[in-house]
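The values are calculated or read from the model by the stated rules, or taken from the named source; none is laboratory data. Just so it is clear, the structure is predicted and the values come from calculations on it, not from any experiment. Every residue, glycine among them, receives a Cβ derived from its backbone with ideal geometry; neighbour counts consider all protein chains shown. Surface areas here come from the heavy atoms of the whole protein model, side chains and all, with no ligands, DNA or RNA. Shrake-Rupley method; radii C 1.70, N 1.55, O 1.52, S 1.80 Å.
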Amino acid sequence: MFTTHDTTTRSTEAGAGWVEVCALSDLEPLWAEAAIVDGEQLALVRMPDGTVYAVSNQDPATGSYVMCRGIVGSHGDRVTLTSPLHKQVYDLASGECLNSADLCLRTFETSVESGSVRVRLVSEASAHTAA
């Protein structure tokens with residue numbers, strides 16, 4: 001698990017809630033990894049092409065912090081993460097639950113710059129609501 005400390009300064013310097021979380025090389029492709037950033041529990045998923053997804057580590061169905069133990073897969077052209085508890089399947093890009101319309105996994109914007117993974121702590125859902 002990755003924990004970043006004293007990210008307030010780095011968030012301000014990076015602008016608009018961006019925080020450096022880890023090196024891209026710290027993440028194994030097709031595997032979810034837990035990270036705590038400014039108290040927010042995230043699950044980071046690196047794809048073979050270097051794309052990184054960040055979602056809440058909290059399972060929307062149960063409230064348990066277990067999504068980093070989920071199964072990375074796909075449904076058509078959608079990259080997915082399956083909850084390890086009750087097997088709900090979530091689209092990693094949108095957070096949409098593919099088998100239960102009333103559930104949604106929080107997603108966070110990511111970027112990879114100079115080998116470092118950065119996450120914008122404002123969730124995508126919050127960013128769309130504020131816009």
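Some points to look at:
- Mean separation of Cα contacts under 8 Å, 6 or more apart, over the residue count of the stretch 41-91: relative contact order %: 24 percent
- Alpha-carbon centroids, the stretch 64-80 and the stretch 28-43: separation in whole Å: 13 Å
- Largest first, the residues Glu109, Glu40, Glu28 sort by 1.4 Å accessible area into Glu28, Glu109, Glu40.
- 20 °C / 1.002 mPa s Stokes-Einstein diffusion coefficient of the stretch 27-88, Kirkwood radius on C-alpha pairs, µm²/s: 183 µm²/s
- Cleavage-rule hits (trypsin sites (Lys or Arg not before Pro)) in the stretch 82-124: DSSP loop, at most 15 neighbouring Cβ within 10 angstrom: Lys87
- Per-residue extension of 0.36 nm, minus the Cα-Cα distance of Thr51 and Ser114, leaves a gain of 21.3 nm for this segment.
- Environment charge at Asp26 (Cβ cut-off 12 Å; Lys +1, Arg +1, Asp -1, Glu -1): -2
- For the stretch 90-95, putting each phi into the Karplus relation 6.51 cos²θ - 1.76 cosθ + 1.60 with θ = phi - 60° gives couplings of 10, 6, 5, 6, 9, x Hz, in residue order, rounded to whole numbers and with x for Gly and Pro.
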